[in-house]
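First the structure, in the form of C-alpha coordinates, and then the observations on it.
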Amino acid sequence: MLSKLTPLQQRFSHMQHVTLVSCEFDINLFTPELFNTHQIQLPSKLNKAVPKRKAEYLAGRVLAKHCFAELNLPYQDIINAEDRSPIWPKNVIGSISHSNETAACAITTSKSIQALGIDLEYDINLKSCEDIYKSIINSSEETLLRATDLPFNQAVTLAFSAKESIYKALYPLIKKFFNFDAVSINNINLEQQKLTLELTLDWSDKFKKNQTFECYYLRFEKSFLTSITVFN
(Lines give C-alpha, C1' and ligand atoms only; values in the text may rest on other atoms or scores of the structure.)
Protein backbone atom coordinates (compact mmCIF):
# COMPACT_ATOMS: atom_id res chain seq x y z
CA MET A 1 0.00 0.00 0.00
CA LEU A 2 2.88 2.37 0.80
CA SER A 3 5.45 3.70 -1.61
CA LYS A 4 9.12 4.09 -0.70
CA LEU A 5 9.55 6.56 2.16
CA THR A 6 11.20 9.84 1.17
CA PRO A 7 13.30 11.86 3.68
CA LEU A 8 12.66 15.58 3.26
CA GLN A 9 14.32 17.39 6.18
CA GLN A 10 17.42 18.24 4.13
CA ARG A 11 15.24 20.28 1.80
CA PHE A 12 14.24 22.60 4.68
CA SER A 13 17.04 24.84 5.97
CA HIS A 14 15.31 25.31 9.35
CA MET A 15 14.92 21.60 10.13
CA GLN A 16 18.45 20.56 11.10
CA HIS A 17 17.13 18.92 14.28
CA VAL A 18 13.96 17.46 12.78
CA THR A 19 13.28 14.12 11.07
CA LEU A 20 10.79 14.60 8.23
CA VAL A 21 9.60 11.87 5.88
CA SER A 22 6.77 11.42 3.38
CA CYS A 23 5.24 8.66 1.29
CA GLU A 24 2.43 7.98 -1.13
CA PHE A 25 -0.12 5.27 -0.46
CA ASP A 26 -2.78 3.50 -2.50
CA ILE A 27 -6.12 3.33 -0.70
CA ASN A 28 -7.26 0.59 -3.08
CA LEU A 29 -4.51 -1.68 -1.72
CA PHE A 30 -5.45 -1.12 1.92
CA THR A 31 -6.53 -4.10 4.01
CA PRO A 32 -7.04 -4.18 7.80
CA GLU A 33 -4.33 -6.84 8.06
CA LEU A 34 -1.75 -4.18 7.22
CA PHE A 35 -2.02 -2.90 10.79
CA ASN A 36 -0.64 -6.23 11.98
CA THR A 37 1.95 -6.29 9.21
CA HIS A 38 3.36 -2.93 10.33
CA GLN A 39 2.75 -3.65 14.04
CA ILE A 40 0.55 -0.58 14.39
CA GLN A 41 -2.47 -0.66 16.69
CA LEU A 42 -5.84 0.29 15.19
CA PRO A 43 -7.70 2.43 17.75
CA SER A 44 -11.11 1.07 18.69
CA LYS A 45 -12.72 4.37 17.72
CA LEU A 46 -11.65 3.69 14.12
CA ASN A 47 -13.10 0.16 13.94
CA LYS A 48 -16.12 1.43 12.00
CA ALA A 49 -14.24 4.07 10.00
CA VAL A 50 -14.21 3.90 6.21
CA PRO A 51 -11.12 2.30 4.58
CA LYS A 52 -9.87 5.72 3.45
CA ARG A 53 -9.66 6.99 7.04
CA LYS A 54 -7.97 3.81 8.21
CA ALA A 55 -5.44 3.96 5.37
CA GLU A 56 -4.61 7.59 6.18
CA TYR A 57 -4.17 6.76 9.85
CA LEU A 58 -1.95 3.77 9.06
CA ALA A 59 0.25 5.73 6.63
CA GLY A 60 0.84 8.48 9.17
CA ARG A 61 1.74 6.01 11.92
CA VAL A 62 4.09 4.02 9.68
CA LEU A 63 5.92 7.28 8.97
CA ALA A 64 5.99 8.12 12.67
CA LYS A 65 7.43 4.69 13.42
CA HIS A 66 10.14 5.29 10.83
CA CYS A 67 10.99 8.68 12.38
CA PHE A 68 11.26 7.10 15.83
CA ALA A 69 13.70 4.53 14.43
CA GLU A 70 15.76 7.26 12.78
CA LEU A 71 16.07 8.94 16.19
CA ASN A 72 16.88 5.62 17.91
CA LEU A 73 13.69 5.83 19.95
CA PRO A 74 11.43 2.89 20.86
CA TYR A 75 8.15 3.31 19.03
CA GLN A 76 5.01 3.98 21.03
CA ASP A 77 1.58 3.98 19.41
CA ILE A 78 0.55 7.55 18.64
CA ILE A 79 -3.13 7.66 19.54
CA ASN A 80 -5.40 10.65 19.02
CA ALA A 81 -6.94 12.80 21.72
CA GLU A 82 -10.66 13.59 21.65
CA ASP A 83 -9.87 16.61 19.45
CA ARG A 84 -8.09 14.21 17.02
CA SER A 85 -4.66 15.71 17.72
CA PRO A 86 -1.86 13.12 18.10
CA ILE A 87 -0.62 12.41 21.62
CA TRP A 88 3.18 12.23 21.48
CA PRO A 89 5.41 10.63 24.12
CA LYS A 90 7.12 12.87 26.64
CA ASN A 91 10.07 14.81 25.18
CA VAL A 92 8.89 14.15 21.61
CA ILE A 93 7.34 16.87 19.45
CA GLY A 94 5.72 15.77 16.23
CA SER A 95 3.26 16.56 13.49
CA ILE A 96 1.44 14.34 10.96
CA SER A 97 -0.39 15.39 7.82
CA HIS A 98 -2.06 13.66 4.89
CA SER A 99 -3.86 14.81 1.77
CA ASN A 100 -5.35 12.63 -0.96
CA GLU A 101 -2.96 9.65 -1.05
CA THR A 102 0.15 11.31 0.36
CA ALA A 103 1.26 11.48 3.99
CA ALA A 104 4.07 13.21 5.89
CA CYS A 105 5.41 13.11 9.43
CA ALA A 106 7.93 15.30 11.28
CA ILE A 107 9.43 14.52 14.70
CA THR A 108 12.05 16.14 16.91
CA THR A 109 13.49 15.61 20.38
CA SER A 110 15.60 18.77 20.29
CA LYS A 111 15.40 20.89 23.43
CA SER A 112 15.88 23.97 21.25
CA ILE A 113 12.44 23.45 19.66
CA GLN A 114 9.18 24.08 21.48
CA ALA A 115 6.68 23.58 18.65
CA LEU A 116 6.51 21.96 15.23
CA GLY A 117 3.76 21.89 12.63
CA ILE A 118 3.53 20.55 9.09
CA ASP A 119 0.67 20.50 6.63
CA LEU A 120 0.26 18.83 3.25
CA GLU A 121 -2.35 20.16 0.81
CA TYR A 122 -3.21 19.32 -2.78
CA ASP A 123 -4.15 22.29 -4.96
CA ILE A 124 -7.64 23.66 -4.42
CA ASN A 125 -9.42 23.53 -7.76
CA LEU A 126 -10.36 26.78 -9.50
CA LYS A 127 -14.09 26.68 -8.78
CA SER A 128 -13.70 25.76 -5.13
CA CYS A 129 -11.06 28.44 -4.75
CA GLU A 130 -13.44 31.16 -5.90
CA ASP A 131 -16.09 29.83 -3.52
CA ILE A 132 -13.96 29.66 -0.38
CA TYR A 133 -10.92 31.91 -0.61
CA LYS A 134 -12.55 34.78 1.30
CA SER A 135 -12.98 32.49 4.30
CA ILE A 136 -9.22 31.76 4.27
CA ILE A 137 -7.59 35.13 3.51
CA ASN A 138 -8.43 38.81 4.01
CA SER A 139 -8.30 41.56 1.39
CA SER A 140 -4.67 42.49 2.16
CA GLU A 141 -3.62 38.87 1.84
CA GLU A 142 -5.55 38.58 -1.42
CA THR A 143 -3.63 41.54 -2.83
CA LEU A 144 -0.35 39.96 -1.72
CA LEU A 145 -1.19 36.55 -3.19
CA ARG A 146 -2.43 37.91 -6.51
CA ALA A 147 0.84 39.86 -6.90
CA THR A 148 2.89 36.64 -6.90
CA ASP A 149 3.66 34.53 -9.95
CA LEU A 150 1.63 31.64 -8.54
CA PRO A 151 -1.78 30.83 -10.05
CA PHE A 152 -4.30 32.19 -7.57
CA ASN A 153 -5.70 28.78 -6.62
CA GLN A 154 -2.17 27.59 -5.80
CA ALA A 155 -1.46 30.73 -3.79
CA VAL A 156 -4.65 30.20 -1.77
CA THR A 157 -3.71 26.56 -1.23
CA LEU A 158 -0.32 27.67 0.07
CA ALA A 159 -1.96 30.22 2.39
CA PHE A 160 -4.39 27.61 3.69
CA SER A 161 -1.56 25.15 4.33
CA ALA A 162 0.65 27.73 6.06
CA LYS A 163 -2.18 28.68 8.43
CA GLU A 164 -2.83 25.01 9.15
CA SER A 165 0.86 24.56 9.99
CA ILE A 166 0.92 27.41 12.52
CA TYR A 167 -2.26 26.10 14.09
CA LYS A 168 -0.87 22.55 14.31
CA ALA A 169 2.39 23.87 15.78
CA LEU A 170 0.82 26.03 18.50
CA TYR A 171 -2.32 24.07 19.37
CA PRO A 172 -0.56 21.50 21.60
CA LEU A 173 0.77 24.40 23.69
CA ILE A 174 -2.38 26.51 23.94
CA LYS A 175 -5.28 24.05 23.44
CA LYS A 176 -7.46 26.68 21.76
CA PHE A 177 -9.19 26.76 18.39
CA PHE A 178 -8.80 29.80 16.12
CA ASN A 179 -10.23 30.82 12.76
CA PHE A 180 -8.14 31.66 9.71
CA ASP A 181 -8.39 35.38 10.46
CA ALA A 182 -6.40 34.89 13.68
CA VAL A 183 -3.20 34.88 11.63
CA SER A 184 -2.25 36.88 8.55
CA ILE A 185 0.35 36.39 5.84
CA ASN A 186 2.35 39.59 5.41
CA ASN A 187 5.15 38.42 3.12
CA ILE A 188 5.86 35.70 0.54
CA ASN A 189 9.27 34.96 -0.91
CA LEU A 190 8.93 32.45 -3.74
CA GLU A 191 12.68 32.21 -4.31
CA GLN A 192 13.32 31.23 -0.68
CA GLN A 193 10.01 29.32 -0.51
CA LYS A 194 9.13 31.16 2.67
CA LEU A 195 6.14 33.03 4.11
CA THR A 196 5.96 35.32 7.12
CA LEU A 197 2.87 34.89 9.29
CA GLU A 198 1.70 37.36 11.92
CA LEU A 199 -0.79 36.74 14.71
CA THR A 200 -3.69 39.20 14.49
CA LEU A 201 -4.73 38.66 18.11
CA ASP A 202 -3.41 37.13 21.32
CA TRP A 203 -3.41 33.35 21.11
CA SER A 204 -2.12 32.95 24.67
CA ASP A 205 -0.03 34.76 27.27
CA LYS A 206 3.04 33.57 25.39
CA PHE A 207 1.94 33.94 21.77
CA LYS A 208 0.78 37.51 21.35
CA LYS A 209 -0.73 39.73 18.68
CA ASN A 210 1.84 40.93 16.09
CA GLN A 211 4.19 38.02 16.83
CA THR A 212 5.63 36.66 13.57
CA PHE A 213 6.60 33.18 12.42
CA GLU A 214 8.53 31.91 9.42
CA CYS A 215 6.79 29.24 7.37
CA TYR A 216 8.79 27.31 4.77
CA TYR A 217 7.31 25.21 2.01
CA LEU A 218 8.09 22.65 -0.65
CA ARG A 219 6.26 22.57 -3.96
CA PHE A 220 5.47 19.21 -5.53
CA GLU A 221 3.70 18.57 -8.81
CA LYS A 222 0.21 19.29 -7.49
CA SER A 223 0.66 20.02 -3.78
CA PHE A 224 2.42 22.01 -1.09
CA LEU A 225 4.08 20.86 2.12
CA THR A 226 4.44 23.68 4.66
CA SER A 227 6.42 23.60 7.87
CA ILE A 228 6.77 25.84 10.91
CA THR A 229 9.35 25.29 13.65
CA VAL A 230 9.13 27.42 16.80
CA PHE A 231 12.44 27.64 18.63
CA ASN A 232 12.91 28.30 22.33
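The values are calculated or read from the model by the stated rules, or taken from the named source; none is laboratory data. In this text, all values refer to a predicted model and were calculated from it rather than measured experimentally. Positions of Cβ are generated from backbone atoms using ideal geometry, with glycine treated the same way; all protein chains shown enter the neighbour counts. Ligands, DNA and RNA are stripped out before the accessible areas are found, and what is left, the full protein with its side chains, is counted by its heavy atoms. Shrake-Rupley method; radii C 1.70, N 1.55, O 1.52, S 1.80 Å.
Side notes on the structure shown:
- Test for Ile185: is it over 15 Å from the mean Cα position of the chain (by Cα) and assigned to a strand (DSSP E or B): yes
- Where Ser204 falls short, out of the listed (1) touching a residue at least 40 places away in the same chain (Cβ under 8 Å); (2) open to solvent by 10 Å² or more (accessible area, probe 1.4 Å); (3) not charged (D, E, K, R): (1)
- Filter pass, Ala69 being open to solvent by 20 Å² or more (accessible area, probe 1.4 Å), farther than 29 Å from Gln154 by Cα and at pLDDT 95 or above: yes
- The range 72-87, residues that are closer than 19 Å to Ile174 by Cα and surrounded by 17 or more Cβ atoms within 10 Å (Cβ to Cβ): Pro86
- Subset of the range 23-57 (residues that are in contact with a strand residue (DSSP E or B) (Cβ under 8 Å, 6 or more places away or on another chain), within 25 Å of Thr229 (Cα to Cα) and either open to solvent by 20 Å² or more (accessible area, probe 1.4 Å) or in a helix (DSSP H, G or I) (or both)): Glu24, Glu56
- Single residue of the range 176-185 satisfying the filter (surrounded by 14 or more Cβ atoms within 10 Å (Cβ to Cβ) and not hydrophobic (A, V, I, L, M, F, W, C)) that is nearest to Ile136 (Cα to Cα): Asp181
- Flag if Tyr122 is within 23 Å of Ala64 (Cβ to Cβ), among the hydroxyl-bearing types (Ser, Thr, Tyr) and in contact with a Lys or Arg (Cβ under 7 Å, 6 or more places away or on another chain): yes
- Helices (runs of 4 or more DSSP H) lying entirely in the range 98-175 (those with 2 or more residues that are surrounded by fewer than 19 Cβ atoms within 10 Å (Cβ to Cβ), among the aliphatic types (A, V, I, L, M) and at pLDDT 95 or above): 126-136, 152-174
- Residue list for the range 189-229, filter: of a type outside the set (S, T, N, Q), more than 23 Å from Ser99 (Cβ to Cβ) and part of a strand (DSSP E or B): Glu198, Leu199
- Condition check for Thr196: closer than 16 Å to Ala147 by Cα, out of contact with any Gly (no Cβ under 9 Å at 6 or more places or on another chain), touching a residue at least 60 places away in the same chain (Cβ under 8 Å) and of a type in the set (Ser, Thr, Tyr): no
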